[in-house]
Each structure stands twice: as structure tokens, then as C-alpha cells.
Amino acid sequence: MKILIVSGTPGTGKTTVSQNLLNNFKAKVISLNELAISEKLIIKYDIDRETSVINEKKLVRFVKQLIESYNKLDLEFLIIESHFSDIVPNHYIDYVIILRCDPDELCIRLKERGYKKEKIRENVQSEILGNSANYFLNKQLNKPILEIDTTNNSIDVITKTIIGILTGKVDLNKYIIGKIDWLEKISQEDRLQIFFD
């Protein structure tokens, strides 16, 4: 069983893509967000940031147990998805795919989700700065860390791309981390002040 991490800022398509992959592989999905809620691993709710604060140590312990139990099944992949999936210990990780989205499109997606202005701003800034990618770079993994731009791609296209990556039919170099740079794009367009003031 190989472990695929699907990460990215909220609104980039992680949950939908991960569920879609189940149609193509003998696999299971662990959503860290759902797991933290179902196993009561939330320490508190941060009202200002409109987000739950998880008990990371307990969640990691629980994830390790789940990985061990799923390892006994005849699975091709275990998919772990969340914007904080970098908490998964390095030795469990076989692939990392970070879903990215153009900041303008991400604003639209998060508004449609009903996020408040400040929460949209915080998440879009995180996407511009590439936080999800940076968290994995800081882990110093010697496994592929890839990025896929979901901005103008359907869920089916993104799913097919990931299937190609996992089956070795797609050139990994096309998706290697570092090719998506929203900060550079927005700076060149002289629009930084729209997102940061």
C-alpha cells in the first residue's frame, strides 16, 4: 500500500479529487479534518480565524493507528487529504500532491462556500505565499512533491493527471514543486496591494 498525501489551501479541490480517486484504485481516504471532528480531537474553536484548533499529537497518533490497520487490507493506495496533512510523519509518505489555485479564482470559490471576508483573505494570502508547498519543503522529504494547478481544470482532468502520476504514465518533472508562483505573477501585475495591505 502506497500513501498519497493530497494537500493545498481550502478551496483547491482536495476532498473532491480524493473521493474521485476511489473510483480508479483500490483505496481508502482519510480526511484529517473529518477525523479530528469525529474523534473529538478539537482543542478549541478560534472565533477570530473561524477555524478549529486540533490536538496534533493525538491526531498523529490516531492516523498512525489507522495506517497500520489499513496496511493489513489489500489496498493500492491510502489517500490522506487536508490543508494540514504535513503533520503525517515522513516515513509514511510515498507521494505528495499539492493542489493550487489562482488567487482570483480561489476568492470566488471561498465566497461561494460562504467564508467571511477575513477568512477568505487569510486563505488567499496562504495560497499566494505557497504555504502548503513550503510546509512539505521544510519536511525535507526524499519523495516526489508535486503541484497541480486546479484553476481552469475540471475534477476529471485533475483526477486523470493524478492517476497518470501514480501509474507512472505522466512525466513528474511537469508537476515538480516550484513551477507555480502566484507571488511572482501578482507582483508582475502590480496587484500585491489587493491581497496584502
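Details
- Options (1) 17.5, 52; (2) 16.7, 53; (3) 19.6, 63 - which one matches Rg and Dmax of the Cα atoms in Å as calculated here: (2)
- For the pair residue 179 and residue 16, the difference between a 0.36 nm per residue extended length and the Cα-Cα distance amounts to 56.3 nm.
- Relative contact order (%) - criterion: Cα under 8 Å, at least six apart; region: the range 2-195: 29
- Packing-based order for 161-169, 75-83, using average beta carbon neighbours within 10 Å, highest first: 75-83, 161-169
- Fully extended contour minus Cα-Cα distance, from residue 116 to residue 143, at 0.36 nm per residue: 6.1 nm
- Straight-line reach from residue 117: taking Cα to Cα under 18 Å and skipping same-chain neighbours fewer than 8 places apart, the aspartates and glutamates in range are 46, 48, 50, 102, 104, 105, 127, 197.
Every number here is computed from the coordinates shown, using simple stated rules; none is lab data. If you're wondering where the values come from, they're calculated on a predicted model, not measured in any experiment. A quick note on method: Cβ atoms are made from the backbone with ideal geometry, for glycine too, and the neighbour counts reach across all protein chains shown.
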